[in-house]
Amino acid sequence: MRRVLIILLLIISLPGFGQDENNAVYRHDTLLFNDFQMIVLPLVFYTPETQFGLGAGSQAFFRLRGNSPESKPSNFFISAIYTTRNQFIFDFKPQLYFYDERYFLDGALKFKIYPNFFWGIGNNTPDEAKEQYDMTSIEMKAAFLKKLPALYFGFEYYYNNYIITALDSGGTLATGEVDGVPKAATTGISFIFNIDKRDNNFVPRKGSFIRVDAGFSSKAMGASHSFNKYK
């Protein structure tokens with residue numbers, strides 16, 4: 001596995017979530033946001049896979065209507081990145097608590113246009129086997145959990161779609177012998193057990209976090225590959 005070298009990275013230190021005397025409240029139609037805070041920062045980095053990358057990221061923190069001031073805050077993270085290798089990556093990750101943490105929605109959406117390299121399968125492929133391909137992918141998931149007396153329990157639906165849009169005509173990928181070419185999709189459902197006793201989700205200093213997933217991808221749901229997954 002190739003080592004990733006980060007030569008410049010902006011590290012965001014998120015503030016603790018507390019109450020002040022003038023808590024802001026933002027109302028939009030039927031939504032109510034308490035303690036709304038947002039940070040926006042530029043992102044600059046370098047890795048061997050991307051070369052130089054530039055973009056921006058933002059994270060917002062708030063409490064939805066029905067949550068007490070002592071409940072965990074909801075948040076969403078969004079970022080867009082473009083690299084000197086003509087790669088584009090868009091990320092959106094909402095995490096929402098409802099009704100004093102009795103329900104939790106954990107989602108993610110990632111869209112990528114990602115030129116990359118392929119050396120073959122295995123750990124001992126030669127450098128001269130390197131070939132380029134372009135791939136467009138979309139990855140989505142949404143988990144809905146209900147709080148029980150000792151833990152959260154719920155379900156997650158996920159969908160991942162990968163399409164190779166260009167490749168070397170004389171390369172290994174063009175032979176069609178590599179699984180997943182020219183496209184692949186996984187879609188399925190996971191069962192989730194989650195114990196979260198952290199004092200703060202973003203900068204925890206005490207508590208514990210334990211999560212167990214058991215899921216499957218099924219051709220009956222439109223996947224190109226069927227498998228079980230335990231995490």
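The values are calculated or read from the model by the stated rules, or taken from the named source; none is laboratory data. What you are looking at is a predicted structure, and each value in this text was computed from that prediction instead of being measured. Every residue, glycine among them, receives a Cβ derived from its backbone with ideal geometry; neighbour counts consider all protein chains shown. Accessible surface areas use protein heavy atoms only, side chains included; no ligands, DNA or RNA. Shrake-Rupley method; radii C 1.70, N 1.55, O 1.52, S 1.80 Å.
Please enumerate the residues belonging to region 50-65 that are surrounded by fewer than 17 Cβ atoms within 10 Å (Cβ to Cβ), closer than 27 Å to Phe117 by Cα and not aliphatic (A, V, I, L, M).
Residues satisfying the conditions are Gln51, Phe52.
For Thr165, are the conditions met, namely being in contact with a strand residue (DSSP E or B) (Cβ under 6 Å, 6 or more places away or on another chain), of a type in the set (Ser, Thr, Tyr) and loosely packed, with under 14 Cβ neighbours inside 10 Å?
Spelling it out, Thr165 is indeed in contact with a strand residue (DSSP E or B) (Cβ under 6 Å, 6 or more places away or on another chain), of a type in the set (Ser, Thr, Tyr) and loosely packed, with under 14 Cβ neighbours inside 10 Å.
Does Ile81 satisfy being surrounded by 17 or more Cβ atoms within 10 Å (Cβ to Cβ) and within 21 Å of the chain's Cα centre (by Cα)?
The answer is yes for Ile81.
Answer yes or no as to whether Asp100 is surrounded by 17 or more Cβ atoms within 10 Å (Cβ to Cβ), over 26 Å from Thr175 (Cα atoms), touching a Ser or Thr at 6+ places or on another chain (Cβ under 8 Å) and among the charged types (D, E, K, R).
no
Give region 179-231 a look and list any residue that's open to solvent by less than 60 Å² (accessible area, probe 1.4 Å), among the hydrophobic types (A, V, I, L, M, F, W, C) and at pLDDT 90 or above, or say none.
The answer is Val181, Ala184, Ala185, Ile189, Ile192, Ile195, Ala214, Ala223.
Suppose we filter Asp35, Asp20 for residues that are at positive phi and either modelled with pLDDT under 50 or charged (D, E, K, R) (or both); which single one remains?
Going through Asp35, Asp20 in turn, just one is at positive phi and either modelled with pLDDT under 50 or charged (D, E, K, R) (or both): Asp35.
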